1. Name the single residue that is nearest to residue 140 (Cα to Cα) among those in the stretch 97-121 being assigned to a helix (DSSP H, G or I), out of contact with any helix residue (DSSP H, G or I) (no Cβ under 9 Å at 6 or more places or on another chain) and not polar (S, T, N, Q).
2. Looking at the stretch 128-163 only, could you name the residues that are farther than 30 Å from residue 112 by Cβ, among the aliphatic types (A, V, I, L, M) and open to solvent by less than 20 Å² (accessible area, probe 1.4 Å)?
3. Scan the stretch 48-75 for residues that are farther than 22 Å from residue 103 by Cβ and either outside any helix (DSSP H, G or I) or open to solvent by less than 90 Å² (accessible area, probe 1.4 Å) (or both) and jot them down.
4. Could you list, in sequence order, all residues of the stretch 81-109 that are over 21 Å from residue 67 (Cβ atoms) and surrounded by 14 or more Cβ atoms within 10 Å (Cβ to Cβ)?
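The values are calculated or read from the model by the stated rules, or taken from the named source; none is laboratory data. All values reported here derive from a predicted model rather than from experimental measurement. Neighbour counts run over all protein chains shown; Cβ positions are idealised from the backbone, glycine included. For the accessible areas, the whole protein counts, side chains as well, though only heavy atoms, and no ligand, DNA or RNA atoms are used. Shrake-Rupley method; radii C 1.70, N 1.55, O 1.52, S 1.80 Å.
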Amino acid sequence: MSINTDVDSFLNKNSSKSFEINYKHHIIFWVIYFIFNSLRYSNIHQDFMLSLRMNLIGFPIHMAIAYFNVYYLMPKFVFKKKYISYTFLVIATLFLMLLVKYSLTYYFIGPNVWPEGPEELKGLTLNYATTMMVGELYVSSFVAAIKLTIDWLKEHSKLHELEKRQLSTELRFLRSQVSPHFFFNTLNNIYSLTLEKSDKAPEVILKLSELMRYLLYATKKQTRPKK
């Protein structure tokens, strides 16, 4: 009885919940990333407060682009194989981000909008634009990779659960078809026949074997869904 209970518990266990993402995971991810980035830029500038202010400007932009990409652009265009439209919109989004980041940095940090750059910059240049857009693309791609990996794991888990449910259905079907009393009585009869050394014993064993073969294989084929 306990073995059957353990089997049912295993078959009915829902493993896809292990890959569910809630708001806590989002908060933890962005907090860790924010701290890492602040410390990294602080080491570059030797000024923690400057690094903190730059990241306070940059991170809302990182998050906006990342979420816009994974929750709107990719489902709307990539998953529907509209790659040209997706590429155009990504570039447009990154360019818009560039203008917003440039303006915010200019007004809240200072005229030098690229403190970590190779030289003091007081205007919008191609080098600055390219570096900022590639940086945002890197963050967005990193978040998209995490999202796609988790989605793949969830789909794989759901497929595994469907297979377990199918196995559970087949096992329950076999249990409903086979009566334990029937087999006990049949085995007792075979035992009696063997004690009597009856010639009917091999025939009864053969019929029991055929019945088991039918229950194990024929019913399994019937219960399998057609592809």
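1. Only one residue tops the list, namely 99.
2. The one that is farther than 30 Å from residue 112 by Cβ, among the aliphatic types (A, V, I, L, M) and open to solvent by less than 20 Å² (accessible area, probe 1.4 Å): 144.
3. Across the stretch 48-75, the qualifying residues are 70, 73, 74, 75.
4. If the condition is that a residue be over 21 Å from residue 67 (Cβ atoms) and surrounded by 14 or more Cβ atoms within 10 Å (Cβ to Cβ), then 102, 105, 106, 109 are the ones that fit.
This table checks each residue for (1) in contact with a Phe, Trp or Tyr (Cβ under 7 Å, 6 or more places away or on another chain); (2) at pLDDT 75 or above; (3) surrounded by 12 or more Cβ atoms within 10 Å (Cβ to Cβ); (4) not charged (D, E, K, R).
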| position | (1), (2), (3), (4) |
| --- | --- |
| 1 | no, no, no, yes |
| 6 | no, no, no, no |
| 13 | no, no, no, no |
| 17 | no, no, no, no |
| 28 | no, yes, no, yes |
| 33 | no, yes, yes, yes |
